[in-house]
Amino acid sequence: MKRYVVIGLGNFGASVAEALSANGAEVIAVDMDGDAVDRNAVFVAKAAVGNGTDLATLERLGVRGVDGAVISTGDDITASILTSMALRDLRVSQVYVKVNSRDHARVMERIGVTEIVFPERESAISLGKRMCGKAVLNHVRLATGFSIQEMAVPEIWQGFSLRELKLRQKYEITVVALHDILRDTIAATPDPDTQLKDSDTLMVAGSDEMLARVAALR
């Protein structure tokens, strides 16, 4: 079983922790806010109040040698740097950092983290594409004739739930995640009774033929 640590349980960090857990990973969640820890304890293997910049705290929580880490400590660049250094000392090689500004991103790039995530910018770009009528936002080929793509919710699907739409039966596609762009939250296991909105995007998997067909819907 893969093991990960998520440091910072705001909307982004909490969503990542929930998604990792839903996909079978063992997650250690750390935040200075006890209420945030309590809210997310149900989703993860271990949730603790603590300072993610403190090497001793992370060591005590069993972070040494985990498969990867996500740092989501807001716009505190110093905290991001110190946490990254602590994780490096604990031999965590895969470190993903949420940033809130270009300066924050530039600093983390210099440190050499695995990946920088700028959700506000990425969400804004996705929304701009959708407003310009681009249905498919991302497309990843998984195998010959089979892909996964992020797409805007077609207007004819808006206001309906996944259960009502019966996409697997009608189009032979599977919705693997639902992204609420305005709230910047991702449901890795979407509630089939949640009504789709124009501010949502869908991650769908299926044959290239069927994905192209649903991408053409309006």
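Just so you know, all these numbers are worked out from the coordinates, no wet-lab data involved. What you see is a predicted model; the values in this text were computed from it and never measured. For neighbour counting, all protein chains shown are included, and Cβ atoms are generated from backbone atoms with ideal geometry for every residue, glycine included.
Could you tally up the Lys pairs in the chain with alpha carbons closer than 30 Å? Skip any pair fewer than 8 positions apart unless they're on separate chains.
Taking the chain as the scope, the lysine pair count is 14.
Compute, for the chain, the length of the dipole vector about the Cα centre, with Cβ point charges of +1 (Lys, Arg) and -1 (Asp, Glu) only. Units Debye, rounded to 20.
580
In percent, what relative contact order does the stretch 26-67 have, based on Cα pairs under 8 Å that are 6 or more apart in sequence?
37
Below 8 Å between Cα atoms, with a sequence gap of 6+, how large is the relative contact order for the chain in percent?
Dividing the mean separation by the residue count of the chain yields 16 percent.
Per residue, what volume in Å³ does the convex hull of the Cα atoms of the stretch 165-218 enclose?
Once divided by residue count, the hull of the stretch 165-218 is 84 Å³.
Take every Cα-Cα distance within the chain, group them into 5 Å bins from 0 onward, and report for each bin the whole-number percent of pairs it holds.
Reading upward from the zero bin: 1, 7, 14, 16, 17, 15, 12, 10, 6, 2, 0.
Provide the gained length on full extension for the span Thr144 to Ala22, in nm with one decimal, where the gain is 0.36 nm per separating residue minus the Cα-Cα distance.
Gain on extension, Thr144 to Ala22, equals 41.2 nm.
Would you kindly calculate the mean projected area, averaged across all directions, of the convex hull enclosing the Cα atoms of the stretch 3-117, in square nanometres?
5.9
Taking amide H atoms as placed 1.01 Å from N in the peptide plane, list the residues 5 or more away in sequence, or in a different chain, whose amide H sits under 5 Å from that of Gln94.
Ala69
Just add up the charged neighbours of Leu61: K/R +1, D/E -1, any other residue whose Cβ is under 13 Å from the Cβ of Leu61.
0
Pull out the extension gain between Gln195 and Glu120, defined as 0.36 nm times the separation in residues minus the alpha carbon to alpha carbon distance; nm, one decimal.
24.7 nm
How high is the relative contact order of the stretch 3-117, in percent, with contacts defined as C-alpha pairs under 8 Å that are six or more residues apart?
24
Using R₀ = 35 Å, calculate the FRET efficiency as 1/(1 + (r/R₀)^6) where r is the Cβ-Cβ separation of Thr78 and Ser161; round to 0.05.
Efficiency, from the Cβ-Cβ distance: 0.20.
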